[in-house]
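Everything on this sheet refers to the single structure shown next.
The values are calculated or read from the model by the stated rules, or taken from the named source; none is laboratory data. Please read these numbers as outputs of a predicted model, since none were measured by experiment. We place every Cβ from the backbone using ideal geometry, glycine too, and count neighbours over all the protein chains shown.
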Amino acid sequence: MYSGSKAFFFALSRSAMLKRLASRYGLATSESFASRFIAGETIEAAIDASRRLQSQGFQITLDYLGESVMTLEAAAVATREYERMIGIIQGAGIERNISLKLTQLGIDVDRATCVDNLRRILEPAARHEFFVRIDMENSPYTERTLEIFETLWDQQYRHLGVALQAYLYRTEADVRRMNELGARVRLVKGAYKERASVAYQQNGEVNSAFVRLARVLLDEGTYPALATHDPGVIDEVRAYAAAQGIARDRFEFQMLYGIRRDLQVSLLAAGHRMRVYVPFGREWFPYFMRRLGERPANVAFVLRALAGER
Ligand code: FDA
């Protein structure tokens, strides 16, 4: 069980002071640990990482790190950065696939502005055939995220997908809701500390929910993305797809940059589609804290790196 460390790192991830310090400290100086999970601070670094991954046969999605903005100005800056990114990615000729968070676009400040910001990104994205995935944040945002998704879907933004979290009890209904639309779902276990009133607390329960929901997505969904590094869960998903005769090009696996590269390579070698989530940017601290909280062994890794060992 990792829920204790998950709660601790979730609390750290929300510390504004630590976040500011981390951005000032910079990824370059903390190269030995944070850069294992983050492709760099600039879009150029992320493009280099993406080129390397694509040349090995992986697919990619680029995530400009940032979340929980508390002013409209900060949301506008993030929106402009995504618009700029769309142009740069096009020029670079890498795969056109991006992921973003609604708290980065101002959902906490003003919902209508957040939707406008998202539309500002989706317009050039649709024109240039990008796929845009809305990440799912903690449970206070679940319903709002899905409502915004549905609004834009109704406005014919169809190169748009969402993430759903297996640990939430509500997700079974949300999977059906998205399947009815024909929307593309990325299924994840869930990265935030949630209460027992809304989410499974035991790893075994979360894993069973993931497999159950993955089956529904494979049977009835639209090109689902099964995003986990858990070999046991992946084996169950593969066995189910094979037994049902579901072709390997009807779904994809996804993993995070720098995590379980061995498994990423072996799934690719077995003929599966494998997309790597490539995060970049100066606002890496909350993302990094969630990665530490998922795996206590990472903390030892960080401490060793701080002590100068490689
Ligand atoms: P689990 O945590 O059980 O780990 C299984 C194995 O993977 C571990 O034994 C270890 O080997 C390896 N591993 C996992 N995490 C590691 C880490 N941090 N460091 C080193 N090794 C690690 N969440 C969310 O709430 N909203 C979202 O939108 C997304 N988006 C997203 C996209 C993609 C592409 C992925 C892969 C994941 C997400 N997540 C997410 C995160 C997700 O919810 C979950 O927290 C992590 O994937 C870790 O859970 P696993 O499924 O890997 O299982």
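Of the residues making up segment 62-73, those that are surrounded by fewer than 17 Cβ atoms within 10 Å (Cβ to Cβ) and modelled with pLDDT of 95 or more are T71, L72, E73.
For segment 229-264, the set of residues classified as closer than 15 Å to T61 by Cα and of a type in the set (S, T, N, Q) consists of Q254, Q264, listed by residue number. Filtering segment 271-287 to residues that are farther than 17 Å from S55 by Cα, at pLDDT 95 or above and hydrophobic (A, V, I, L, M, F, W, C) leaves only F280. Close Cβ contacts (under 7 Å, 6 or more residues apart or on different chains) running from residues in segment 205-233 that are on the phi > 0 side of the Ramachandran plot to residues that are surrounded by fewer than 17 Cβ atoms within 10 Å (Cβ to Cβ) comprise Y223/R250.
Scanning segment 212-268 for residues that are in contact with a helix residue (DSSP H, G or I) (Cβ under 9 Å, 6 or more places away or on another chain) and among the acidic types (D, E), we see that the one that is nearest to D48 (Cα to Cα) is D230.
Residues in segment 194-204 that are within 12 Å of the ligand (Cβ to nearest atom), surrounded by fewer than 20 Cβ atoms within 10 Å (Cβ to Cβ) and in contact (Cβ under 8 Å) with a residue 24 or more places away in the chain: Q202, N203.
None of H229, H272 is within 12 Å of the ligand (Cβ to nearest atom) and assigned to a loop (DSSP other than H, G, I, E, B) except H229. Does segment 100-125 hold any residues that are more than 16 Å from the ligand (Cβ to nearest atom), hydrophobic (A, V, I, L, M, F, W, C) and touching a Phe, Trp or Tyr at 6+ places or on another chain (Cβ under 9 Å), and which are they? Listed by number, the residues that qualify are I121, L122, A125. Counted as qualifying within segment 101-188 are the helices (runs of 4 or more DSSP H) with 3 or more residues that are closer than 28 Å to I89 by Cα and in contact with a strand residue (DSSP E or B) (Cβ under 8 Å, 6 or more places away or on another chain), namely 111-127, 142-154.
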